[in-house]
Amino acid sequence: GSGEGGVEFRDVSFTYPGAEEPVLRNISFKARKGETVAIIGSTGSGKTSVLNLIPRFYDVAEGEVLVDGIDVRRYSQHALRAKLGYVSQRAVLFSGTVSGNVAYGGSAAPGSDAEEGVRRAVAIAQGTDFVERMEGQYEGRIAQGGDNVSGGQKQRLSIARAVYRQPDIYLFDDSFSALDYRTDRELRAALRRETGGATTIIVAQRIGTIKDADRILVLEDGRIVGSGTHEELLQDCETYQEIALS
Ligand code: DUT
Ligand code: MG
């Protein structure tokens, strides 16, 4: 879509319902329109929890989460989600066709504009080769849970689903982990090229995926312990050095 695409966290602390300890403490950062901000940190450090606050899977008790400068609590659920292309840590496919999965249940009949959109989204997600090798291609069947496609193919189809919606803001939760380095790199290059000014927040485990981000946040125990470019963090963030050298 058109329009803005900034995300900002202002001193956000967050505790899961029923939990005693906060999982996020005093998180502040900005992703300006068109920027890529990466989040890295060990398992359980709170990366998914940060992302989950943007589409309001949970609401914060302290601080503010803003999209386009407006507190997310002031949007209707529909208006907020229309801006966001969220790709969850576990790629979820349902039984149906490739097209149906990418168009999110919407119909994408052969020859329609929607089908053109599906092809474009699959191409950006580097899925054209495997989809066109499948029996039935875009009308080929995906089994319940996506059991007949590989982990990396599932990830690419769930990325294609986000691309299809043309969001202003992409939220990728470890969405590249099952891709080989080359596919990972080519997919991110295609996204940059084809989605113009989309803002991207990308959670990842591997340095290669986030190295070229405008800013990298290093999370540890729910706190930001480092923020900067790859080179800056290599210089002055011990946690980042450990991740980068491991
Ligand atoms: N947590 C809960 N309830 C939830 C989800 C997570 O209490 O519904 C806890 C588990 C963990 C912390 O929050 O101690 C942070 O979890 P999160 O999933 O945000 O961590 P991550 O950085 O995304 O870990 P991973 O790299 O394993 O995905
Ligand atoms: Mg996670």
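The values are calculated or read from the model by the stated rules, or taken from the named source; none is laboratory data. Remember, predicted model here, so these are calculated numbers, not experimental data. Quick reminder, even Gly has a Cβ in these numbers, built from the backbone with ideal geometry, and neighbours come from all protein chains shown.
Whether a residue is of a type outside the set (Ser, Thr, Tyr), in a loop (DSSP other than H, G, I, E, B) and crowded, with 22+ Cβ neighbours inside 10 Å was assessed, and residue 176 passes this test.
Condition check: of a type in the set (Lys, Arg), under 30 Å from residue 214 (Cβ atoms) and buried (at least 16 other Cβ atoms within 10 Å of the Cβ). Does residue 156 satisfy that? Criteria met by residue 156. A count restricted to the stretch 57-70 and to residues that are more than 20 Å from the chain's Cα centre (by Cα) and not in a loop (DSSP other than H, G, I, E, B) stands at 4.
Exactly one residue out of 28, 88, 45 is polar (S, T, N, Q), over 30 Å from residue 122 (Cβ atoms), touching a strand residue (DSSP E or B) at 6+ places or on another chain (Cβ under 8 Å) and within 14 Å of ligand 1 (Cβ to nearest atom): that is 45. Filtering 133, 165, 185, 161 for residues that are exposed (fewer than 15 other Cβ atoms within 10 Å of the Cβ) and away from ligand 2 (no atom under 16 Å from the Cβ) leaves a single hit, 133. Restricting 200, 183 to those that are among the polar types (S, T, N, Q), assigned to a helix (DSSP H, G or I), more than 19 Å from residue 103 (Cβ to Cβ) and in contact (Cβ under 8 Å) with a residue 24 or more places away in the chain reduces the list to 183.
On the basis of being within 18 Å of the chain's Cα centre (by Cα), part of a loop (DSSP other than H, G, I, E, B), surrounded by 13 or more Cβ atoms within 10 Å (Cβ to Cβ) and in contact (Cβ under 8 Å) with a residue 40 or more places away in the chain, does residue 91 make the cut? When the stated conditions are applied, residue 91 passes them. Given the condition in contact with a Leu (Cβ under 6 Å, 6 or more places away or on another chain), under 14 Å from residue 41 (Cα atoms) and at pLDDT 95 or above, answer yes or no: does some residue in the stretch 157-170 qualify? No, that holds for no residue. Cβ-Cβ distances below 6 Å connect the following pairs, each with a first residue in the stretch 94-110 that is under 18 Å from residue 125 (Cβ atoms), a second residue that is aliphatic (A, V, I, L, M) and modelled with pLDDT under 75, and a separation of six or more residues or different chains: 99/108. When residues in the stretch 56-69 are screened for being buried (at least 19 other Cβ atoms within 10 Å of the Cβ) and closer than 20 Å to residue 166 by Cα, 1 of them pass. Within the stretch 206-241, the set of residues being among the polar types (S, T, N, Q) and touching a strand residue (DSSP E or B) at 6+ places or on another chain (Cβ under 9 Å) comprises 209, 227, 229, 235, 239.
If you go through the stretch 42-67 and keep only what is without any contact (Cβ under 8 Å) to a residue 40 or more places away in the chain and within 15 Å of ligand 2 (Cβ to nearest atom), you end up with 43, 44, 52, 57.
A single entry from 54, 39, 27 fulfils the requirement of being part of a loop (DSSP other than H, G, I, E, B) and β-branched (Val, Ile, Thr): 54.
The set of residues in the stretch 4-40 being exposed (fewer than 15 other Cβ atoms within 10 Å of the Cβ) and either aliphatic (A, V, I, L, M) or farther than 20 Å from residue 70 by Cα (or both) consists of 16, 17, 18, 19, 20, 21.
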